[in-house]
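Inspection log for the structure reproduced underneath, given as structure tokens.
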Amino acid sequence: MADKLQQALDLCNEKKFDEALPILESITKEDPRNSEAWRTLAQLHWFHQHEPEKAYDELIEALRCDPKNIWALVLMGNLLTKEKNDVEHAKQYYNKVLEYHPDNAIAINNIGATYMECKDYNGALPYLEKALRIDDSYANSYYGLALCYYKLGRHEDAFEICHKGALKSADRPENPAVREELVKLYITVAKEYADRTNYLNVWKGIKDELEAVDKVNIRITEDKSLNVHAKMEYAPLHAAKEHVIRYNPEKEFVVHLFIHEMMHLKMSQQATKVNRAKAVVSSVQTRTAFKKRYLQFMKKTHSHIAASELDKVIYGLADGLGLQLMNCPLDLFVEEMMYRDYKIVHPIQLLSLFHMEQDNINAVKQTAANGFFPKEIVYANKVMNIVTSMHFKEMYGINLIGQYHPTKQEYKHAQDLYDEFKAYLNTYKPGDEYEMLEYFVESFNMEDLVEIIDESQVTAGMKADLSMKSDLKDLADDALSEEDADVANAQFALNHQDGADPAETMMMSMYMLGAMEYFDTLEHQDVHRIALEIAMVGVTGIDPKKKYSIKSIPDKEFGGYQLLAYYYVSWARAIPDKLEHLGLPFSKAYESALQMYNAKHEK
């Protein structure tokens, strides 16, 4: 009989319910005391034959045979709740589950899930909470409990449960997709929780705290021209009487990046106090070393760039590499400090870092695919992004590392760097971040490309240079990372099919015609410079709804679509062989604009 029951259960697992049904019926006739056969038969009649009354009678038989049959008790409670709306009697069966099987998290969770299906979220809470006390790795209970809190408007509790669930829960065979659903809920809850939080008071409190440390005023200023979300100018490194934090109020998740910069300031203050502060500077030696190492590659790969402009591109790339080598290890400490000391920031930190992860993953994929940069730099960029992803996973439990598709070597290298960071965290002293920075640089064999000096050695000239390089927008005249433009435009292209909207295509054609007329008045190198500068603006994406200005075309404000038109035409004229790498969906508009231009000029 046991073999026949197993056969029926196997058929049910294979969704062959019609074949399982007669086997179960024969078992109950031959062995009417077989509780599990009655219970399984009831489940089939209810769920798959839609015969709840027959299922009710069969559950009575199952419990008569074995009053402690846990799944029969749960099923009876569920049937009474859903089919008969008899919650009071259902509770009697649920209480029997708690009495007979107080340590079965799955059964107790399922009771809570039934209350949730009936939208009785308060009724579900005690069961889901008990299920988690029994098994704190059960993802279903985290998801259910967080959803209940969310539906009840308890956003802080919902966020905390999602957070714990992401960190502690594991996939289970009975519901392999539940963690994915938990992460979706996690992001939804974080958005609503963040929207309800007054972060203005948070950063004002941090500002007061930091000003009291060194008695130096912190000036907060909006700067809509920033391409980055925010930047910090540390007074000792800028020959200034006050610290300055500039932020772009139009950027997404600016609150997180604004507080991020204040954590940089906090860390700098602590290092200065113990005479361990350092700075990463660009020098003649580092730029010369970079040029010597990569000149031939750049000449070959970027043959479209005039020789007179190539040095600027090379030096800009050298500065960009220095910034990334500095920012990656220091940002690990900064984000850890924020995570550890300011719990209220967790929702916006999660959202911002999750958004950055998506951008980083896309950028790494594009960088690896297009071959524009030396393999060593591509490798270092990918490994450092994986390190950042490891930290994100440890803080918030969301594992995106696999989306980088790391090789064994890349993963091993990233793990080594992250282990070094963890080791420093365990014994952290202010200034240790600069030792770790040196470890990063050495691990990539790039000691000659980055100069790390004591804060006291920063000269006035270096201070001016540091100020310039603290904002990536100021590198627009120096360099262009073409794959950055490609990545930034990818999402736009997904939502704007080439030529699909006739009105948009006509509008872009007219803007492009204007760009062509304007570029007719300029020298080729001027158009090339404009192409590079707009591409640098495009690194973070160009929003059609916003206004922009660029240095190369002074006294003119661009709408987003107009800037996109100038973007496309400048590349079509100055760097045509790389135009397709922009990923802008405007070839139809350009063809139309070109026809109008040629007709007007009788070409």
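The values are calculated or read from the model by the stated rules, or taken from the named source; none is laboratory data. This is a predicted model, so every value here is computed, not measured. Here the Cβ is made from the backbone with ideal geometry for all residues, glycine too, and neighbour counts use every protein chain on show. Heavy atoms of the whole protein, side chains included, go into the accessibility calculation; ligands, DNA and RNA do not. Shrake-Rupley method; radii C 1.70, N 1.55, O 1.52, S 1.80 Å.
Is there any pair with a first residue in region 403-421 that is under 15 Å from His391 (Cα atoms) and a second that is open to solvent by 20 Å² or more (accessible area, probe 1.4 Å) whose Cβ atoms are under 6 Å apart and which are 6 or more apart or on different chains, and what are they? Pairs that qualify, where the first residue is under 15 Å from His391 (Cα atoms) and the partner is open to solvent by 20 Å² or more (accessible area, probe 1.4 Å), are Glu420/Tyr439. Those helices (runs of 4 or more DSSP H) of region 92-202 in which 1 or more residues are within 21 Å of the chain's Cα centre (by Cα), more than 30 Å from Ile220 (Cα to Cα) and in contact (Cβ under 8 Å) with a residue 12 or more places away in the chain occupy 139-151, 155-168, 178-195. The single residue among Arg39, Arg33 that is under 21 Å from Thr81 (Cβ atoms) and of a type in the set (Lys, Arg) turns out to be Arg39. Would region 526-548 turn up any residue that is open to solvent by less than 10 Å² (accessible area, probe 1.4 Å), closer than 23 Å to Glu309 by Cα, acidic (Asp, Glu) and in a helix (DSSP H, G or I)? Yes - at least one qualifying residue is present in region 526-548. Residues that are part of a helix (DSSP H, G or I), within 21 Å of Gly112 (Cα to Cα) and either of a type outside the set (A, V, I, L, M, F, W, C) or open to solvent by less than 10 Å² (accessible area, probe 1.4 Å) (or both) within region 60-74 comprise Ala72, Leu73, Val74, listed in sequence order. Before we move on, is Lys266 open to solvent by less than 40 Å² (accessible area, probe 1.4 Å) and of a type in the set (Lys, Arg)? So Lys266 fits the description; yes. Residues of region 269-279 that are open to solvent by 20 Å² or more (accessible area, probe 1.4 Å) and touching a helix residue (DSSP H, G or I) at 6+ places or on another chain (Cβ under 9 Å): Gln270, Thr272, Lys273, Asn275, Arg276, Lys278. Can you say whether Asp57 is of a type outside the set (S, T, N, Q), modelled with pLDDT of 85 or more, open to solvent by 40 Å² or more (accessible area, probe 1.4 Å) and at negative phi, as far as the supplied structure shows? Criteria met by Asp57.
Hey, any hits in region 503-512 for a residue that's modelled with pLDDT under 80 and within 23 Å of His304 (Cα to Cα)? No.
The single residue among Val216, Val178 that is farther than 19 Å from Leu350 by Cα, crowded, with 19+ Cβ neighbours inside 10 Å and modelled with pLDDT of 85 or more turns out to be Val178. Within region 319-346, being aliphatic (A, V, I, L, M) and within 18 Å of the chain's Cα centre (by Cα) holds for Leu332, Val334, Met338, Val345. Considering region 219-235, and only residues there that are closer than 30 Å to Lys429 by Cβ and at pLDDT 85 or above, the residue that is farthest from the chain's Cα centre (by Cα) turns out to be Ala235. Restricting the first member to region 368-384 and to residues that are at pLDDT 90 or above, and the second to residues that are assigned to a loop (DSSP other than H, G, I, E, B), the beta-carbon pairs closer than 6 Å and six or more apart or on different chains are Ala380/Phe444. Figure legend. Inter-residue proximity from region 509-530: first residues within 16 Å of Ala593 (Cβ to Cβ), second residues at pLDDT below 85 and of a type in the set (Val, Ile, Thr), beta-carbon distance below 6 Å, spacing 6+ or different chains. No pairs are indicated.
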